[in-house]
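Working notes, beginning with the structure itself.
Values quoted throughout were computed directly from the atomic coordinates according to the rules given, and no laboratory measurement underlies them. Please read all numbers here as calculations on a predicted model, not as lab measurements. Note that we place each Cβ from the backbone using ideal geometry, even for glycine, and neighbour counts take in every protein chain shown.
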Amino acid sequence: MQFKKADVEKALLKAARAEFLAHGFKDASIRTIAGKAGVARSNLYNYFASKDALFTALVQPTLDEIRDAFTLAWEMMISAGNVPFPSLEHELAEGRLLVEFIDSHRENLTLILLKSQGSSVEGFIDYVQEEYQKMHSYYFDSMKARFPEKFPAGVSPFFMHTLSAWALNIVMEFISHDIPLREMLNYIEQFTRFYYHGLLGLMES
């Protein structure tokens with residue numbers, strides 16, 4: 001019985017997802033993936049050149065969505081000219097969007113953030129933190145330029161670094177503990193209010 005190429009690829013990706021989620025990229029077995037997909041190990045490489053190519057194929061759509069989101073955010077910030085004064089309602093809405101994205105991409109985010117050690121995707125987490133940090137820095141610099149009396153001392157680069165690391169760590173905690181959607185929404189609202197009023201306090205210092 002012959003199988004269409006698309007069916008074989010689908011079977012390989014399904015088996016690979018289960019294997020990578022269970023064991024991570026580094027310890028995942030190509031032999032196991034091929035066996036569960038009903039494909040000879042040697043034939044697997046006719047579809048995916050390497051274990052890394054197979055892993056990347058699984059998470060590429062989510063990687064692209066995250067990069068596109070950063071690109072759009074940068075375009076909106078730059079085209080806006082003067083960055084608007086922060087609105088609690090806006091920040092709450094952004095937080096809800098983030099949580100909904102996490103909830104709808106749980107498995108791929110698990111692979112990217114927690115299971116990618118040893119793969120070419122492993123460094124993606126550094127890219128995310130760097131983008132967060134650059135955006136926070138741009139935002140605070142813009143606010144200081146508009147409201148110099150509210151930012152007399154500015155904000156240190158290390159503060160930007162730790163703030164970005166904190167935000168990313170929240171996402172990783174959501175994923176690693178498999179937090180339900182409702183609980184994530186409750187948390188992100190609390191965090192956003194804490195962050196927003198902390199920002200106002202920083203401006204008054």
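Brief remarks follow.
- Cα-based helix-to-principal-axis angle, 124-146 vs the chain, degrees rounded to 10: 20
- A crude spin-label estimate for the pair T162 and K4, with each label 7 Å from Cα along the Cβ direction, gives 5.6 nm.
- When the Cα positions of I125, T110, L202 are compared along the charge dipole of the range 58-204, L202 comes out farthest toward the positive end, with charges on each C-beta of Lys, Arg, Asp and Glu.
- Restricting attention to the chain, lysine pairs at least eight places apart or on different chains and with alpha-carbon atoms under 27 angstrom apart total 24.
- Contour minus Cα-Cα distance for N169 and L63 (0.36 nm per residue): 36.4 nm
- Added length on full extension, which subtracts the Cα-Cα distance from 0.36 nm per residue, A93 to A40: 14.2 nm
- Cα point-scatterer Debye curve for the range 1-48, base-10 log of I(q)/I(0) at q = 0.19, 0.20, 0.24, 0.26 Å⁻¹: -0.53, -0.58, -0.81, -0.93
- Here the 3J(HN,Hα) profile of the range 108-121, calculated from phi with Karplus coefficients 6.51, -1.76 and 1.60 at θ = phi - 60°, is 5, 5, 4, 5, 5, 8, 10, 10, 9, 4, x, 9, 6, 8 Hz, Gly and Pro shown as x.
- Residue with peak Gaussian network fluctuation, the chain [Cα springs, cutoff 10 Å], from S164, S104, S119: S104
- Using the Karplus relation 6.51 cos²θ - 1.76 cosθ + 1.60 with θ = phi - 60°, the per-residue 3J(HN,Hα) values for the range 173-182 come to 5, 4, 6, 5, 9, 6, 5, x, 4, 4 Hz, with x marking Gly and Pro.
- Between S120 and W74, the contour length at 0.36 nm per residue exceeds the alpha carbon distance by 14.0 nm.
- Most mobile of Q117, Q60, Q190 in a GNM of the chain (Cα contacts under 10 Å): Q190
- Residue of D103, D52, D64 that the Gaussian network model of the chain assigns the largest fluctuation, springs spanning Cα pairs under 10 Å: D64
- Cut-off of 10 Å, at most 14 other beta carbons, DSSP loop: longest stretch of the chain lacking such trypsin sites (Lys or Arg not before Pro): 5-149
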